[in-house]
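Quick notes on the structure that follows.
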Amino acid sequence: FGANHHLRQSMVFLDVPCMQQPEAYLSGAGSAFDEAGKLSETVKPFLQKFINAYGQWVEQHKKM
């Protein structure tokens, strides 16, 4: 959390657009995958929500 927060503060100071919400932190990333290396079914909805929000954010901030 600390490094991410510091980076975000620096980007705000430089007026770099940053998506504020939702935030996605995946602690214990090793448990997010099964033995075959595929993403766990329990993690997919969490990540999909973030991916959808990020896609919408990109569309809203695209320069024409």
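Structure notes:
- Candidate set: the range 1-15, residues that are aliphatic (A, V, I, L, M) and surrounded by 10 or more Cβ atoms within 10 Å (Cβ to Cβ); chosen: the one farthest from GLU59 (Cα to Cα): LEU7
- Residue within the range 23-41 that is surrounded by 12 or more Cβ atoms within 10 Å (Cβ to Cβ) and assigned to a helix (DSSP H, G or I) present: yes
- Among the residues making up the range 42-64, those that are in contact with a Leu (Cβ under 9 Å, 6 or more places away or on another chain) and in a helix (DSSP H, G or I) are PHE46, LEU47.
Readers should treat all values here as calculations from the given coordinates under stated rules, not as data from a laboratory. Note that this is a predicted model, so its numbers are computed, not measured. Because the Cβ atoms are built from the backbone with ideal geometry, glycine has one as well, and the counts that use them run over all protein chains shown.
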